[in-house]
Amino acid sequence: TLKRLWALVDINHDGTITKPEYLELHKRLVRALVGVVDEEEEKKTGEEDWLHDTPLTKGHQEHEMRKPQFISAFFRMVDVWTENICVDEYSSFLEDAFDRISIMNEDGTFSYKPLDKIRKRGRRSSVIVMNGKMMAAQLLALQNAEKDKLKQKQQKLGQKQLKHSQQRSDQIQQ
């Protein structure tokens, strides 16, 4: 699937992905993964992700992405969007994402679907959209707060069970 994604994104087939090619992919992946976001947010996150996915070289930001960077960027993305570290789950996610953003041409090659034909996927997400803004940090904070509450409940329950156990032990010894 990564080979097909590379071929889809590398529109001019020069072996690199330029920033405009990257941003075109990014726009479609956002639509497929989180749904419609406002144009400003889409551009902002695309620019941020481009800077993150294309490392600094000799003090200058690269203006193209090569295959190793592409694979690394997709690995990070898939890791965020899947539940487990599992080849089958990663592969399934990539296939689903590819199917959501592409269509097969008559000659067997692939092209991007029009944006209005891309549907949001219904799987786990570490990103939510609120008023057209992606709110990953806010969602993460909510998830962590829920985990903390659950841990506290489990600790209290464990303390109650331990106390009850000690009382039973004391009763048996008497």
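A few remarks follow.
- 3J(HN,Hα) along the stretch 102-111: 10, 10, 8, 7, 4, 8, x, 7, 10, 10 Hz, from the Karplus curve 6.51 cos²θ - 1.76 cosθ + 1.60 with θ = phi - 60°, whole Hz, x for Gly and Pro.
- Interchain or long-range residues, amide H under 5 Å from T18's placed H: M65
- Counting 0.36 nm for each residue step from E146 to K67 and taking away their Cα separation leaves a gain of 24.6 nm.
- Relative contact order of the stretch 1-75, pairs being alpha-carbon contacts under 8 Å that are 6 or more residues apart, as %: 34 percent
- Amide H contacts of F110 (H built 1.01 Å from N, in plane; Pro and chain starts excluded): N105 sit under 5 Å, all sequence-distant by 5 or more or on other chains.
- Annotation: amide H-H contacts under 5 Å for S102 (H modelled 1.01 Å from N, sequence separation of 5 or more, or interchain): K113.
- For the stretch 4-30, the residues whose amide N sits under 15 Å from a probe point set 7 Å from the Cα of F98 along the beta carbon direction are 4-10.
- The largest accessible area among V87, V37 belongs to the first residue in V87, V37, and the rest follow in falling order (1.4 Å probe, all chains).
- Under Stokes-Einstein, with the Kirkwood radius over Cα pairs as Rh, the value for the stretch 5-94 at 25 °C and 0.890 mPa s is 176 µm²/s.
- Mean Cα-pair separation over length for the stretch 58-119, i.e. relative contact order, pairs under 8 Å, 6 or more apart, %: 17 percent
The values are calculated or read from the model by the stated rules, or taken from the named source; none is laboratory data. Since the model is a prediction, treat every value here as computed from it, not as a measurement. Cβ coordinates were reconstructed from backbone atoms using ideal geometry, including for glycine residues, and neighbour counts include every protein chain displayed. Ligands, DNA and RNA are stripped out before the accessible areas are found, and what is left, the full protein with its side chains, is counted by its heavy atoms. Shrake-Rupley method; radii C 1.70, N 1.55, O 1.52, S 1.80 Å.
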